[in-house]
Amino acid sequence: MAVNTPAIETYLVNTPVREKPFPFAKLALITVAMLFMALFLLLPLIVVFSEALSAGLGEYLSALADPGVLSAIWMTVAIAAVAVPANVLFGIIASWCIARFKFTGREFLITLIDLPFSISPVVAGLLQVLLFGTTGLFGPWLSDHNIQIIFALPGMILATTFVTFPFVARELIPLAQEQGNDEEEAAVTLGASGLQIFWRVSLPKLRWGLLYGVLLCNARAMGEFGAVSVVSGKVFGYTDTLSLAVESLYDSYEIQAAFATASLLAMLALVTLVLKAALEWAHRDELHALKRKKAAT
Amino acid sequence: MRNAFTLSRRRALTLAAGAAPLAAFGGLAGLGGIAAQAADAPTLLNVSYDPTAALYAAYDKLFADYWTKKTGVTPVLHYSHGGSGAQARAVIEGLQADVVTLALSYDIDAIAKTGLIAKNWQSRLPLNSTPYTSTIVFLVRAGNPKGIKDWDDLVKPGVQVITPNPKTSGGARWNVLAAWAYALKLNNGNVDGAKTFLKAFFANVPVLDAGAHGSTLTFTQRGIGDVLVGWENDAHLSIKEAGPGKFEIVAPSLSILAEPPVSIVDKNVAKHGTTEIATEYLKYLYSPEAQDVIGANFYRPRNKAAAAKYASQFPNIELVTVEKNFGGWSKAQPEFFGDGGIFDQVYSKGT
């Protein structure tokens, strides 16, 4: 790649002709794109923060210190703390299986992993109700044994895990396939055990893709609304997550508190964005390879 | 610069290994926290319908004080709100409600059908288990620019009416029945004439929200529509929230007496051991103090003194009732809102 770059640059420097005939079109397109971005991405963000701070910083902080909001923060963190590691574990296992072995049903497994992307989150929530609701498949058994799945933390974790299922696996599978088995084979010839190969060769090779996947998975887990709203029962201060608390507060005419809570989610999004950009910048080579592979499939 | 982002292999592994137990601990602590809370004090979950949030926020404070004085233990009162039908559905599917305070008895009947609530629930508390009533009024923009005075102004061309979807919203069903009662009176009891009226009514509705509160927000926050048909208490609340000079309430000549009933969920309170506090929670709604809170939150109190105190905010409207004029909800529900019912006949997407 480094060899090709000067040639391309020389070409570009020597052929500036194409730029000239359409300076207006270029300018117009850039303006439209910028305006669109400002209108649809930047403006809502500004509105969230300005509404949140509309009554001053003191009110903003006291809105966030409300026990209901604190409980929502806690629920959100608790759900992500279980859903993300579960999906990391599954993602690593799935990528390992799919990249290293050929087996029947391999293609099917890849398709299946994508399923949560194509199902509406609300349907994902309703699936939980159909399975674990009192009139659902396992409902009678669960209520006989006094186990509460939906309208409680376990159901919300299950729903979130389902919705965020593909994020880690989808990052790792193409990366693992791209990287191939050469290092692992070398490790085998040097007498490494299976576990040693996994911990010392395979996992470190995947770490950037893994971090990237965890980041996206976590952002989605914490921001999830549809699936969780179906199975939470929406008890403010008890089973409301941050995104549900925003709705609850807004519905109770606590507009400023709703936006203050929404600003937390907006900040989460911004932090995710910055981390994502940093990761992408630091590991552009690996990620480019990943994206090429993705585009090809 | 690349080095700045590169973790050493050992640290990456430690990180990964450390994250898993930490997360598991977090999850367990979360569950433990909720369980510990439940063990210390009696916990009560009130599953309610859309516009009651302010009322129960105030009432929960009152009741918590009352219960603390009486027993020395401060109860933990939880509250959930949503569309009345959806909330009833959630209770049926296992939402652990101790008490339900819904928009209409039909929704509580639906829960009672599954055996979670005793069949005779409505006769267990005074006044058909309805500690407060409300009615359906109009909310218009300041100065009433479209000159809306009564139901027949809502079917005029060029008037945008905001009302929620009666398939999902309890409040919307009251709206439809109130409009129907007026239409029948206007047409001297002619059903076809009333249907034409209702058809013209829904032709003026640009958007059907899923819940009554969604409609209120559509009208007040998003600025859509000329008139909102909705709960009297929600109309008052909107005016209070928006400040003076933005909206006005218009009382129609005829409306409906809305009776949002309450009940304990027998099976759930037996399981939670909360029968006593749940029963008291509902009984206390009838006390003079609670009736005052009810009036202050724009519901019509049943208590004479409280009703007199807040009389100025509740105009005298001729009110029909579901029992007398519609033969009760068990008859009105399928007739108006069942598949192929009157609502389906007058509301078609083509019009």
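Read-outs throughout are calculated quantities, based only on the coordinates presented, and are distinct from any laboratory measurement. These numbers were taken from a predicted model, which means no experiment stands behind them. Neighbour counts run over all protein chains shown; Cβ positions are idealised from the backbone, glycine included.
Straight-line cross-link reach from B:LYS113 at under 21 Å between alpha-carbon atoms covers these lysines, not counting any fewer than eight positions away in the same chain: B:LYS167, B:LYS267, B:LYS271, B:LYS331.
Checking the Cα-Cα distances for B:LYS70/B:LYS240; B:LYS61/B:LYS240; B:LYS61/B:LYS309; B:LYS70/B:LYS304; B:LYS195/B:LYS240; B:LYS119/B:LYS195 against a 29 Å cut-off, the pairs over it are B:LYS70/B:LYS240; B:LYS195/B:LYS240; B:LYS119/B:LYS195.
With runs of 4+ DSSP H residues as the only contributors, calculate the mean residue ellipticity of the protein assembly as shown at 222 nm using -39,500 (n - 2.57) per run, divided by the residue total and rounded to the nearest 500.
Values: 32 runs with 395 residues, N = 648.
Helices in the protein assembly as shown give a 222 nm mean residue ellipticity of -19000 deg cm²/dmol.
In this structure the amide hydrogen of B:VAL250, modeled in the peptide plane, comes within under 5 Å of the amide hydrogens of B:PHE138, B:LEU139, B:VAL140, none closer than 5 places in sequence on its chain.
One decimal place: the segment A:ARG284-A:PHE117 gains 57.6 nm when fully extended, by the rule 0.36 nm per residue minus the C-alpha distance. Segment B:143-197 and segment B:200-222 have their alpha-carbon centroids 13 Å apart. Summing charges over all other residues whose Cβ lies under 15 Å from the Cβ of A:PHE165, with Lys and Arg as +1 and Asp and Glu as -1, gives -1. Taking 22 Å as the straight-line reach from the Cα of A:LYS276, the lysines in range (excluding those fewer than 8 positions away in the same chain) are A:LYS205, A:LYS291, A:LYS293, A:LYS294. In terms of surrounding Cβ atoms within a 10 Å radius of their Cβ, A:MET222, A:MET156, A:MET267 rank from fewest to most as A:MET267, A:MET222, A:MET156. For chain B, the relative contact order is 22 percent, taking Cα pairs closer than 8 Å that sit 6 or more residues apart in sequence and dividing their mean separation by the residue count.
Across segment A:66-241, the mean sequence separation of Cα contacts (distance under 8 Å, 6 or more residues apart), normalised by length, yields a relative contact order of 42 percent.
On C-alpha positions alone, give me the angle between the axis of helix B:232-242 and the longest principal axis of chain B, in degrees, nearest 10. Approximately 70 degrees, to the nearest 10. Relative contact order of segment B:197-351: 23 percent, from C-alpha pairs under 8 Å at least 6 residues apart in sequence. Per-residue Cβ neighbour counts within 10 Å put B:VAL320, B:VAL229 in the sequence B:VAL320, B:VAL229, beginning with the fewest. So if I take the centroid of the Cα atoms in segment A:19-74 and the same for segment B:280-345, what is the distance between those two points in Å? Distance between centres, Cα-based: 43 Å.
Bridgeable aspartates and glutamates around B:LYS246 (alpha carbons under 17 Å apart, same-chain partners fewer than 8 residues away excluded): B:ASP226, B:GLU232, B:ASP234. Please work out the C-alpha center-to-center distance from segment A:115-147 to segment A:170-214 and express it in whole Å. First find each Cα centre; the distance between them is then 36 Å.
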